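What follows is one structure encoded as structure tokens, with my remarks underneath.
Any read-out appearing in this document is the output of simple, stated calculations on the displayed coordinates, not a laboratory observation. Since this is a predicted model, take the numbers as computed values, not measurements. Neighbour counts are summed over all protein chains in view; Cβ atoms, including those assigned to glycine, are modelled from backbone coordinates with ideal geometry.
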Amino acid sequence: MNGKSRLPFGILLLACSAAAQTTLAERLAPWKPVDMPLTPALSAQEHQMVDKLVHACRLLDEIFWRQSDADGFSLYRSTGDAALKRLLAIMGSRWDLLDENRPFVGSDAMPPGHEIYPRGLTRDQIEQYVAQHPTDRAAIYNPYTVIKRQGDRLIAVAYHTEYKQLLEPMAKDLRDAASLSDDPAFANFLRLRASALLSDEYYGSDLAWLDLKDPKFDVIFAPYETYLDDLLAVKTSYGASLLIRDEAESRKLAVYQKYVSELQDALPVEASARPSKRGHLTPMEVMDAPYRAGDLLHGYQAVADNLPNDPLIHQKKGSKKIFFKNFMDARVNTIILPIAQKLMQPAQAAKATGEGYLAGTLMHEIAHELGPEFAHCDGKQMSINEAIGPAYSGLEEAKADVVGMFGLAWLVDHKVLPKDHLEEYYASYVADLFRSLRFGTGEAHGRAEMMEFNYLLEGRAVTHSSGRYIIDYARIPGVIAALAKELLTIEATGDRARAERLLAKYDQMPPELTAALAAAKDIPVDIEPVFSFSR
């Protein structure tokens, strides 16, 4: 245990005094509720299928809560305080990611392993344990196991065992949805994914997911991301999203798909760190997301995703890039354009656009797949997240940002994209940095982009004058390329100490930026999706 007592729920509720209610209201203010309706006309059978998928998502959301904050979930279900319930739902826990993950109810500090590891267990203790019990290493580092204490032993319990009570009805929902689908390939994927949930063997269903050809309906439905694991950065959390295709916007992505292998070959890092992408699938979909659950619902609202994360899948086939059009439009109009007008030099703020943001987001997701597939350190090959440890999430988000911007400049230089759009891309990128910086360094994206922003300042690619920020369009390409090389090299070598030094060097917010962001406090930090399906 961590030495801090865990408050009973009665005491937790008493912590929400009249004064605390004001604090809760203030904590809710940065989150803008935005309706996410189910907009396309669906047949009766399609509605039945969607209802089955939404029900499965709700079950998955309960598993996420059990991974994130079981006591918080009990409080969420029992409280009659509407403000507290809403804030718990936004965060998916009792810890406020806008306040460096400090508790907004009760006094428990956020455990770095959440509910996936025993309280009080440290990374050093795990590493010492597996050194003494090498036969247990594979199970402990398995992305689909919960770690528990049994006397002086650490026991790994498979997800499909730990969460069986919820996974079985969830798998049935997916099979029922498959029987209602008019798309044989999608139905086959749903059945394969149902089986995977009950075995933790996702490889085959992931391959089937990548093979889907322009599906009208799609889902993200698996434990993929490692944002909850600040101990080993290997344990995955469950996330889900219902997806409905935007055909017109999806067709526009073909130009990016064509150049993925060339972008890999052009990266500013040694050849051994950029294995060939030629012949790999790069399916891209622009979708509306009328319902989300798990790590795709709580906290930071993703506008895009690049999945699966398995490097073996990347080697064999590649990955799928999904762009959530309704979430992207809401973010641009509600946050990015207003904050650009507040913080950037006016002429440059005018260059930040929804189209520029879409291009940067698209390249960010492509860049997650670019660069090394494994780390090579001390003569051994291992997954990059295992090698880098807790710093991995921030490092990888920074790599995707920076390599994505490097890729946009490459596409402009090679006349794939118009040259007169490059300043629009840079202005939209910097505007989005301001948005993410307000998350603070307790969140992976916020920590990554704080480092990026300070690096740009140090290289004088961005400067500050009279409360406004100015981009040096002549300097920024070289600074971006230098940072891309550093990040790619760290991932290729699995140099944990170098990653931690880089992030630590640049993780302090400059006073003038603190003041500038305070002047923009009336602009929402992020959206709070409101779905048409009752919860």
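Quick notes on this structure:
- Inter-probe distance in nm under a simple model that places probes 7 Å from Cα toward Cβ, at Arg123 and Arg460: 3.6
- For semi-axes √(5λ) of the Cα gyration tensor in Å, computed directly from the structure shown, the correct entry in (1) 54, 29, 24; (2) 36, 26, 23; (3) 32, 28, 26 is (3).
- Note that segment 310-387 carries a Kirkwood radius of 15.3 Å, evaluated over its alpha carbons pair by pair.
- Residue pairs exceeding 23 angstrom between C-alpha atoms, taken from Lys317/Lys415; Lys258/Lys380; Lys52/Lys216; Lys317/Lys485; Lys32/Lys342; Lys235/Lys399: Lys317/Lys415; Lys258/Lys380; Lys317/Lys485.
- Measuring between their Cα centroids, segment 97-145 and segment 39-56 lie 38 Å from each other.
- Ignoring aspartates and glutamates fewer than eight residues from Lys351 along the same chain, the ones with Cα atoms less than 13 angstrom from its Cα are Asp420, Glu423, Glu424, Asp432.
- For segment 491-535 versus segment 286-364, the gap between their alpha-carbon centres in whole angstrom: 15
- Protection proxy ranking of 399-407, 446-454 - average other beta-carbon atoms within 10 Å, highest first: 399-407, 446-454
- Karplus-derived HN-Hα couplings along segment 246-260 (A = 6.51, B = -1.76, C = 1.60, θ = phi - 60°), whole Hz, x at Gly and Pro: 9, 5, 4, 5, 4, 5, 6, 8, 4, 4, 6, 4, 5, 10, 4
- Gyration tensor (alpha-carbon) shape descriptor, segment 446-520, a/c threshold 1.5: oblate
- Value of Rg to Rh for segment 164-308, rounded to two decimals, is 0.99; Kirkwood radius and Rg both from alpha-carbon coordinates.
- Of the DSSP H helices in the chain, those whose Cα atoms cover at least 18 Å axially and whose Kyte score averages 0.5 or more: 184-197, 392-413, 476-493
- Prolate/oblate/rounded label for segment 382-535 (Cα gyration tensor, a/c 1.5): rounded
- A simple spin-label model places the labels of Glu262 and Val530 4.6 nm from each other, with each point 7 Å out along Cα-to-Cβ.
- Here r is the Cβ-Cβ distance between Thr514 and Asp420 and R0 is 41 Å; the resulting FRET efficiency, rounded to 0.05, is 0.75.
- Where a label projected 7 Å from the Cα of Ala25 along Cα→Cβ would reach, residues of segment 82-125 with amide N under 14 Å: 82-84
- Sequence-distant contacts, meaning Cα pairs under 8 Å at least 6 residues apart, place the relative contact order of segment 194-313 at 28 percent.
- Dipole moment magnitude, nearest 20 debye, segment 419-535 about Cα centre, only Lys, Arg, Asp, Glu C-beta charged: 200
- Whichever aspartates and glutamates have a C-alpha closer than 17 Å to that of Lys316, once near sequence neighbours (fewer than 8 apart) are set aside: Glu201, Asp206, Asp211, Glu369, Glu373
- Computed from label points 7 Å out along Cα-Cβ, the spacing between Ala44 and Ala350 is 5.6 nm.
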